[in-house]
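Just below is one structure, and these are the notes that go with it.
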Amino acid sequence: MTIRPATHDDIHDILCLVSDHARRGDVLPRTALSIRDTLDDWLVGVHEDGGIVACVNLLYYTPFLAEVRSLAVHDRVKGNGWGSRLVQALIAEAERRQVPMLFALTRAVRFFEKLGFAVTDIAQFPQKVRRDCDFCPIQDHCDETAVILNTYPQIEIEPMPISLNEMVKTDTPPEG
């Protein structure tokens, strides 16, 4: 089981894997351009035969918050630990990059809980709602649950303001 950062040569295979899962409604679709533009933030699972059989993307929202998204595992290797290994590798990468908080929207809550994530309220992630959920075809009957992981559990992390614009909208001026 080999997990490594994605390369330019992997874009087509990632696109095929994500597109297959998007048709099933498991993940949102991605384009080859969006994959290429975020290639440094993708990990892939490479089967012993050399084929890409799994992928996952780390999407930054702020320096303090990133999303685990586009987790896809090929049917031929499902149930063999590829998803867990990929997410564990992504958690390690987030820690290396000093991203203190990860989240995901998922139907596989138990899967993420086994990896240390906890169920939370999607209202904590208005950035996600504005970016993806407002345009999702199933937004009116979404069955996904938000999960969160503090990659630095020894430090209590307060949610950070989303943007300067959002801070300006409040009645209280920002401190500092």
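Things worth noting here:
- Modelled spin-label separation between Ala92 and Asp75, with each label point placed 7 Å from Cα along the Cα-to-Cβ direction: 3.1 nm.
- Here the peptides 105-116, 83-94 are ranked by packing, the mean other Cβ count within 10 Å, and the order with the highest first is 83-94, 105-116.
Bear in mind these aren't lab numbers, they're just calculated from the coordinates by the rules spelled out. Please read all numbers here as calculations on a predicted model, not as lab measurements. A quick note on method: Cβ atoms are made from the backbone with ideal geometry, for glycine too, and the neighbour counts reach across all protein chains shown.
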